[in-house]
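The values are calculated or read from the model by the stated rules, or taken from the named source; none is laboratory data. Note that the structure is predicted; figures quoted are calculated from it, not measured. Glycine also receives a Cβ, built like all others from the backbone with ideal geometry; neighbour counts cover every protein chain displayed.
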Amino acid sequence: MLTSAEKCANWPNLVTMFFDQAERLGDAVMLAHKHEGAWVPISWRQAAETVSSLAAGLRGIGIKPGDRVMLVSENRPEWCLADIAIMAAGAVTVPTYITNTESDHLHVLDDSGAVAAIVSTTKLAKTLLAAVYRSKECRTVIGIEALRIGQESGATLHQWQTLIAENPANVAATRAAQTAKRGDLACLIYTSGTGGAPRGVRQHHGAILCNVASAIRVIAEDFPPDPDSFLSFLPLSHAYEHTCGQFVPIGLGASIYYAEGLEKLAANMEEVKPTLMVVVPRLFEVLRARIVKTIEKQGGIAVVMFNQAMRLGRKRYENQGLPFWERPFDALLDKTVRHKVQQRFGGNLKALVSGGAPLNPEVGLFFESLGIKLLQGYGQTEAAPLISCNRPSRRIKIHTVGPALDGVEVKIAADGEILVRGELVMHGYWQNEEDTAKVLQDGWLLTGDIGHIDEDGHIVITDRKKDIIVNDKGDNVAPQRVEGMLTLQTEIVQAMVYGDRRPYLVGVVVPDPEWAMSWAREKGMPTDPAKLKDEPEFRSALMAAVDRVNANVATVEKVRRVIIADAPFTVENLQMTPSLKIRRHVLKQIYAERLDKLYG
């Protein structure tokens, strides 16, 4: 009998994988969500029938093979069902963030040439429809929930339930109609480019299947073969959750439970008791702070035992084991301190897989010391996205992102850039040959990250070659786009934003000298720039300009706080190049300490 990983190597496309698993698992739970205080399950059989009906409905309203269909929804069962149904209809899914602005949606709609969009709620539809009415191609919108829209204007509206009801399921026929090959386009996932405009990454079926097979091998080799359940809470529009939180569970035949949100994540973990979770470092930082605060409140013996767990955990990690005389006390800590922490994660957890942004090694060691298996991985949307991951069977090295996964070839270029090759690599950016040529060369993906491979085959990332900011949740932000919008404001002539591995953006701005002089005279304040920058009212006026920009950008692009530069950026002070581009590394050296204080 073939293993799941071997099947992934043979499946021709993602839809066939889904239908094969649905036929095998039948009435077992595939998806579940919380409704009125109770978890509502959807079986594999029910999911297959919904996908079959919806795919027929999409074809019935004119969706043709190769058409792009945008998907705008929070994490919920319908996200997964819509994604697979779009592919089952022969079309291409274009996931987008629910935090997108109207202009963000319009860019994705027009760049992808999407002819239709599926949206979950009226609230999300209002922003989407404003973009749809201005788009070049999109004239069809499908509401998962009943859309409370006053009238149709510029687009035909359809209801999810109606499409399903009008197209009785024929799972066998839908399964038999699948002709997509591994090299065919499955989805376009938009990610920010250095120029600021998001680019559509062309992920083909084989790229995601390659990732799924690699992940399943890790799970099979490193963990007990118990039935798996995932708790999904990262945005499914992100390549990380799309592959690891959706298609990896499908390949495993696991159940997927959709969390109610970050604020209820702890309660959901205790209810669902997941075996695996895909997470970002920011979650660990929040949980670490909560755990420490709880222990400190308890005081006394709780603090003593906790500190001993930390001490022995670090010792075990650094020495790859403990001396025999400390093992009895360590076993006591397993039954007390660590057991309590593990129960907060549901008690069945095999591992938490961290990706999307770098993990602070101290945070990783904290959870390792408490008996929570935390595996840091590495990936990029352009690689579907999994490239490497720490594995217990090959020794976890928290400061690394682990060895390359099976089916992934990695090498280091002469300048230290990490290069990746394999079926997982995208076929390029959608209708963007120029940027494609920059990152795909001789079959290799140029990641833009600098690093090396250590003696154990683990990848160590030391720097970023590109300027893209990756926040602590794994979201990509193109700084040039935000900086460009800031400098369009009357009050600001130059700007640099900052926030790699941080929860939000901050920045340094140079006030427009003419505006500043005029403002100071009008307010009766000193016109000397050095004195003016210390005036609270002047700072508030600059922040008002920043907030105007914030009102028109995505949440991850908002600049929450700024400092005022000591002087304009010039070629003479080496803060700009001769072609008048800011020297980001120079500005960081000057202002990093002050910018870091804005997070306090």
Filter region 566-589 for residues that are modelled with pLDDT of 85 or more, more than 29 Å from the chain's Cα centre (by Cα) and crowded, with 17+ Cβ neighbours inside 10 Å and give the result.
F569, Q575
Regarding region 212-224, can at least one residue be identified that is assigned to a loop (DSSP other than H, G, I, E, B), within 27 Å of P274 (Cα to Cα) and not aromatic (F, W, Y)?
yes
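Residues checked against (1) assigned to a strand (DSSP E or B); (2) crowded, with 19+ Cβ neighbours inside 10 Å:
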site	(1), (2)
P168	no, no
A172	no, no
T179	no, no
A186	yes, yes
I189	yes, yes
V201	yes, yes
A207	no, yes
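Could you tell me whether E74 is among the acidic types (D, E) and either buried (at least 21 other Cβ atoms within 10 Å of the Cβ) or not assigned by TED's automatic domain parsing to the domain that holds H107 (or both)?
So E74 fails the test.
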Out of Q343, Q308, Q376, sole residue that is assigned to a strand (DSSP E or B) and either in contact (Cβ under 8 Å) with a residue 24 or more places away in the chain or surrounded by fewer than 19 Cβ atoms within 10 Å (Cβ to Cβ) (or both):
Q376
If a residue must be over 23 Å from I590 (Cβ atoms) and either free of Cβ contacts under 8 Å to residues at least 60 places away in the same chain or touching a Cys at 6+ places or on another chain (Cβ under 8 Å) (or both), how many such residues does region 537-572 contain?
9
Filtering region 523-559 for residues that are farther than 21 Å from V470 by Cα and part of a helix (DSSP H, G or I) leaves a count of 17
Residue hits (region 492-548; at pLDDT 90 or above, more than 27 Å from the chain's Cα centre (by Cα) and on the phi > 0 side of the Ramachandran plot) are none
Check whether at least one residue in region 544-561 is of a type outside the set (S, T, N, Q), touching a Leu at 6+ places or on another chain (Cβ under 6 Å), closer than 17 Å to A495 by Cβ and surrounded by fewer than 16 Cβ atoms within 10 Å (Cβ to Cβ), and report yes or no.
yes
Pairs with Cβ under 9 Å, 6+ apart, first in region 446-464 and more than 25 Å from K588 (Cα to Cα), second aromatic (F, W, Y):
I459/Y378
When region 29-74 is checked residue by residue, the ones that are over 30 Å from C138 (Cα atoms), assigned to a loop (DSSP other than H, G, I, E, B) and of a type in the set (D, E, K, R) are E36
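Only one of these is closer than 30 Å to P198 by Cβ and in the same structural domain as I492 (by TED's automatic domain parsing): R584, R539. Name it.
Numbers: R539 fails: closer than 30 Å to P198 by Cβ.
Matching residue, one of R584, R539: R584.
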